[in-house]
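Below you'll find the structure, written out as structure tokens, and then a few comments.
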Amino acid sequence: MTTPLPDPPTAAPRRLHAVRALWLALTGRVARLAAAAHQAWRRSLQVRVVTITLVASSLLVGGFAYLIADKITSILLENAETDVRLRLSNGSEYAAKQFNLYSQPQEAQLQNTIDGTVNYLAGGDPTQTSGVVVAITADNFAEFIEPRTTPDVPVGAVIGDELRATVASGKVAHQIRTGSLGGERTKYLVYGSPVPTKFGQVELYYLVPLARQDATAADARATVVATGVALVLLLGLLAALVTRLVVTPVRVAARTAQRLSAGLLDQRMVVSGEDDLALLAASFNQMATNLQRQILRLEEMSRLQRRFTSDVSHELRTPLTTVRMAADLIFAERDEFDPAVARSAELLQAELDRFEELLTDLLEISRFDAGFAVLDSEPTDLVPVVHRVTERLAGLAERVGVTIELDLPATPVIAEVDPRRVERVLRNLVGNAVEHGEAKPVRITLGQDQSAVAITVRDHGVGLKPGEEKLVFNRFWRADPSRARQTGGTGLGLSISLEDARLHGGWLEAWGAPGQGAQFRLTLPARAGDRLTTSPLRLVPADATVPFGGPRDGGLPAIGPAGGVAALTTSPADSADSADSADSADSAEHAEARP
């Protein structure tokens, strides 16, 4: 005898690993199927209607099928019980007449009479194929009378003790039991009745097999189930067809609407028939026609408006040049005029400067509107750009008592940008910060990472009220017309700056809070054409305080007596800001809509 070698030590872990891999594959497949079903449920109205119809009809038909099958089974059982009770009543009367001829259970002819009575009662079945078993027992006289059954089979396994005791007490009783009478196990309906005699009581039993009733009930259930399944499938098919008639025009309308939104304004639905769906298609086509007409009218008006702005700006150049030459001559000779005339010459020169700036900005806006703005990108060090902007605005900052602070890296910050446009954006941002700085320092910060560069301009003036962050980039908008201005801006600076940032594929964002000043952040991709995802610098400054003095836990800012915090971004939500700063006020920039 050889002893089998044990499995190698690595066999069990390998089997466990294989089982785990199989389980993971199975659960993954189930998860994919569930996800596909969930997606079909969410996206398809037809799938939802057909599924709901199938489920509802299955429950309804299943309930009716159960009730019908149960009723058929009950009727068959009642018929069998009625037949057995009739046989039992007649048999009890016949047996009583036969046994009343004897006064003692030990009489010699009594056993023969019992055998003949059992055979006679069993012979009452004309076909002799029903399988009915008749039995007579005498538990009280077991030493004198032997039990007899026709046919001769052991009935002790079918006649229960409880039934036997009830019949022995003088009552008619019945039960349904499953047992074997020398063959296959069969369900029997067992009825027992006492038979009174002169010498005492004997018991008469009828054992009726219910195989035929069970077979009939099973056939009825199968028929009902098959009919129910066919009905449910028919209802599902009908629901699918009806839903398709309704969903198909809706899908066509959806596709047509998508084409219209994509700019294909000549798309229309096919109108067939005169029903409600045809009315829907006709109304949709009428709506599309009206929209097309309105959009074309608005496009024409916009084109004419842009043309008017451009033409007016160009046409004003010639008279402006003439007026500028005359004004320069008058301004140069102002010292020889009366003081009032000299002051008028100075005002004329200042307003002409502002008028010329306005014309320049209008021409730039018209180029953006017409889509003619071109980006001349080149690798540029932004540190000198910041220095040039600061030096140019140093005189204005000195006049209003504002100190410009710089926080610049010691190394060059190189990015592929249009230096002229970036310098113009910074000039607008820093100029606005100096104008509204309330004689407090303005801080310019430059930062970079592998994919982007950012510049923030922070002032500590009156700040922005809630809602104003949505308006600062609008054309000709001013926060407070009553504020004194030093440079007389055109009202188009931030609008042009926003277009310059978008032309670079970057973001121009604003934050402000009453009494805490404002901060603007310009974020540009380090390489031209790249898509921005984060910014190297935070939008909400680190020195900003949360209203009510709450902790900076990264949640939405509370609204306090000061009026709350306002923030606006023109970019997607910046996850790096939230992760790096954990600043509750900073998270407000993601809660506002982009302009």
I'm checking my understanding of the structure. Among residues of segment 93-109 that are small (G, A, S) and closer than 11 Å to P196 by Cβ, which one is surrounded by the fewest Cβ atoms within 10 Å (Cβ to Cβ)? A96
Check on L234, closer than 21 Å to V55 by Cα and loosely packed, with under 13 Cβ neighbours inside 10 Å: yes
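Answer yes if at least one residue in segment 276-293 is modelled with pLDDT under 80, hydrophobic (A, V, I, L, M, F, W, C), in a helix (DSSP H, G or I) and surrounded by 12 or more Cβ atoms within 10 Å (Cβ to Cβ), and no otherwise.
yes
Confirm whether D311 is part of a helix (DSSP H, G or I), loosely packed, with under 11 Cβ neighbours inside 10 Å and at pLDDT below 85. Explain how you work it out, then say what you get.
Working: part of a helix (DSSP H, G or I): yes; loosely packed, with under 11 Cβ neighbours inside 10 Å: no; at pLDDT below 85: yes.
Judged against the criteria, D311 is not a match.
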Restricting attention to segment 368-422, which residues are open to solvent by 50 Å² or more (accessible area, probe 1.4 Å), within 46 Å of the chain's Cα centre (by Cα) and over 18 Å from A454 (Cβ atoms)? D369, G371, F372, V374, L375, D376, E378
Scanning segment 408-422 residue by residue, the ones that are within 25 Å of G512 (Cα to Cα) and at pLDDT below 90 total 1
If you take just the strands (runs of 3 or more DSSP E) that sit entirely in segment 110-185, which of them hold at least 2 residues that are under 18 Å from P196 (Cβ atoms)? 133-137
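The values are calculated or read from the model by the stated rules, or taken from the named source; none is laboratory data. Quick caveat: nothing in here was measured; it's all calculated off a predicted structure. For neighbour counting, all protein chains shown are included, and Cβ atoms are generated from backbone atoms with ideal geometry for every residue, glycine included. Just so you know, the surface numbers come from the protein's heavy atoms only, side chains and all, with ligands and any DNA or RNA stripped out. Shrake-Rupley method; radii C 1.70, N 1.55, O 1.52, S 1.80 Å.
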